[in-house]
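What follows is a single structure, written as structure tokens, with notes after it.
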Amino acid sequence: MILYIVVAALSVALASRVTTVTQSNTYVLTRRVLINRIVLGGLFVLLFLVSALRINTGNDYPTYIERFHDIHYGVYVVTEKGFNQVIKFIYWFFNSECYLYAFALFGGLTIAIFLIGMYKQSDSFVLTFFLFMAFGMYYQTFNTVRYYFALAIVLYAHKFITDKKYISFIITILIASLFHKSTLVCIPVYILATIPWKRWQAILLAVISPLGLLFRNNLMDLFVRLYPSYQFEEEYLAGGQLSIINVLRSLGILALCLIFWKDAIKDNKKNRFYFYLNYAALIVYAFFYFIPFVSRIGYYLNISNILLIPAVIKSIKDDRKRRLITAGVVIAGVLYFILFLRKAYDVEVKILPYSSWLYEDFDFLPLVPVPYKNQ
């Protein structure tokens, strides 16, 4: 736990040295941009090392080792083709059971895409990065490797849909779907979020959404028909549990947006897009939590919060109010991080205790050449 706190504090301190620049200026190599790139490089190295040096850290770490092995030997796996091809290439290149390299590669790519996406889109990189760490998103990349890699791509895709580059957005999401097909839900949902909804439409959606709880069994029957494999998995049929923390988080951000609606949301298409995504996340977490893997859908919706909150704060004209809200967000973020670390030992998370292969006897590392199936 101490390691995670130190890494979070050190990385946020580094992020504070990044000067937020407009998107049009990020490609011009000025002194400011050069310093930003150096600091971002330092951030990447720090976060990458913590990720790449881990072993048996994460609730699905052993499961992924088995999948890597099965992919290498041509055994059928449920993971997507893009993911499978990358793993095949890594194992072919090193001609070994080199799962450490596979984890390191996906960890590095995930971190890099997240950093680039935040840097290019945030109105305050340091606050966005702070929220990224405080919400536990970085440490969660130790779990569900391919999902968080896809989530990083989805965050980067925000820039295309807010710039109305819909073809680029769809192509980017399709690329992400090669690693986790659940990203396909982002195409219709994100496009709907770009529509300037009327107030009565948003209220109507809130009114009818509780029907999801009333027709819970019917919806679960529908999902079993769409995904027959669910009927053999009791944990899927049981569905998820109501996440109070996610509901409260979405409600708090909703309240912040409504308070500063006129200055931050009303006439700002990008912020309004983020607002609608958070609104959708609130509805999903509150009334459709029983749907299998709903948390993954929710993350596609509320990942934009790390961009929305700094944007709202930046729009506050009163200096005193802006400082107070910023302080409140920081305090809330720290408290959220503490709660996250307390759950990090749970079997569903299991990113604590942290273990590194640096402390392992190399005789136990599986970097031993293996024969190919056609030999």
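Values in this text are rule-based calculations from the coordinates and carry no lab data. Fair warning: this is a prediction, and the values are worked out from it, not measured in the lab. Cβ placement follows ideal geometry from the backbone for every residue including glycine, while neighbour counts extend to all protein chains displayed.
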Amide hydrogen neighbours beyond the local backbone of Ser96, cut-off 5 Å, H modeled: Val370
Förster radius 51 Å - calculated FRET efficiency between Leu254 and Val75, Cβ distance, rounded to 0.05: 0.65
Order these peptides, 30-41, 145-156, by their mean beta-carbon neighbour count within 10 angstrom, highest first. 145-156, 30-41
With the cut-off at 1.5 for a/c, could you classify the chain from its C-alpha gyration tensor as rounded, prolate or oblate? oblate
List the residues, sorted by chain then number, that are 5 or more residues from Phe135 or on another chain and whose placed amide H is less than 5 Å from its amide H. none
Alpha carbon centroid spacing (whole Å) that separates the range 175-209 from the range 97-138: 24 Å
Quick one: if you stick a label point 7 Å off each Cα along the C-beta vector at Lys321 and Ser355, how many nm between them? 5.2 nm
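So if a site counts as exposed when it's one of the GluC sites (Glu not before Pro), its DSSP state isn't H, G, I, E or B, and it has at most 15 other Cβ atoms within 10 Å, what's the longest stretch of the chain without one? Can you show the working numbers first?
Details: sites that count: Glu233, Glu348, Glu360.
Between exposed loop sites, the widest span is 1-232.
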So the FRET efficiency between Asn59 and Ile244, C-beta based with R0 = 25 Å and rounded to 0.05, is 0.75
Expressed in nanometres to one decimal, the distance between label points 7 Å along Cα→Cβ at Leu49 and Ser209 is 4.3 nm
Given axes a ≥ b ≥ c from the Cα gyration tensor, I'd like to know whether the range 164-227 is rounded (a/c under 1.5), prolate (a/b larger than b/c) or oblate. oblate
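Given the DSSP H assignment, sum -39500 (n - 2.57) over each helix run of at least 4 residues in the chain and divide by its residue total; what's the result at 222 nm in deg cm²/dmol, nearest 500? Don't skip to the answer; put the middle values down first.
Values: 19 runs with 247 residues, N = 375.
Here the helix-only value at 222 nm equals -21000 deg cm²/dmol.
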Most fluctuating residue given options Ile203, Ile351, Ile87, as computed from a GNM of the chain linking Cα atoms under 10 Å: Ile203
Cα to Cα, under 30 Å, and not fewer than 8 places away if on the same chain: which lysines meet these conditions relative to Lys181? Lys81, Lys88, Lys120, Lys159, Lys164, Lys165, Lys269, Lys270, Lys343, Lys350, Lys373
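Kindly provide the chymotrypsin sites (Phe, Trp or Tyr not before Pro) of the range 1-102 that DSSP labels as loop, not H, G, I, E or B, and whose Cβ sees at most 14 other Cβ atoms within 10 Å.
Values: sites: Tyr4, Tyr27, Phe44, Phe48, Tyr64, Phe68, Tyr73, Tyr76, Phe83, Phe89, Tyr91, Trp92, Phe93, Phe94, Tyr99, Tyr101; in loops: Tyr27, Tyr73, Tyr76.
Here the chymotrypsin sites (Phe, Trp or Tyr not before Pro) that fit, given the DSSP loop and packing criteria, are Tyr27, Tyr73, Tyr76.
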For Ser356, distant residues with modelled amide H under 5 Å away: Ile55
